[in-house]
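The values are calculated or read from the model by the stated rules, or taken from the named source; none is laboratory data. Please read these numbers as outputs of a predicted model, since none were measured by experiment. Accessible surface is based on the protein model in full, side chains and every heavy atom, while ligands, DNA and RNA are left aside. Shrake-Rupley method; radii C 1.70, N 1.55, O 1.52, S 1.80 Å.
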Amino acid sequence: MTEAKPVHVWLAGGTGLVGRALLARMRSDPRIASIDALCRQSPTTPQAGVQWRPWSWLDEGADLACDIAFCCLGTTHKQAGSRAAFAAVDRDLVLHFAERAQQAGARRFGLISSVGASAKARSHYMRIKGEVEERLRAMNFGALHIVQPSLLLGQRADTRVAEDLAQRCAPLFGSLMRGALVRYRPVPAERVAACLLDATLEGEPGVHVHYPWLTDSWRSAN
């Protein structure tokens, strides 16, 4: 990031697993002046430096301003209730957020996607993630940094039985993933948040994809 002054940030998905970890880091980061966080329901406990906004705020016609935007939105087919509802969140809402952020002046955009994301994937989940990445690339942000984690480790607010079981097994099968398989290793949400924050704030212009486990430094994770 070339500018020395702290920046104004937008965040979507700040109440999720990675979003909470990212928000905690941003609140104490001197590079960030203020945070507007989009949410369906504001947390009951106020957080210093964070202005929680309803999603309608994006379309109220206010004089909005944004330097850098982060998107950690994500749901599951089970939570959403249908493929269409899943796509409405993980694709349509993400793209709407990105479009409004760009209109408000955002030059940089950071996205949490998923390892294996591809617009040509047979999996509906991976295909939607891939479609989002393609659409964001076409928007021509000055810098687009995409983090593609595998299974996220951490305490979620909601219960996901399959993921809870996988987390218990993660120390065993994660250590066996080496070489090209490292990118599929389960990863703590805090590590993903750190990668997303530093890459988006300090990374080079252009489009970059990061895999949190490939290296201790996000700078070499492209």
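General remarks:
- Here region 14-80 was treated as a single set of alpha-carbon atoms; its pair distances binned every 5 Å from 0 give 3, 14, 25, 27, 18, 9, 3, 1 percent.
- Accessible area (Å², per residue) of region 10-163, counting only protein heavy atoms and a probe of 1.4 Å: 47 Å²
- Bridging of Lys129 to lysines at a Cα separation below 17 Å is possible for Lys78, Lys120, once same-chain residues fewer than 8 apart are set aside.
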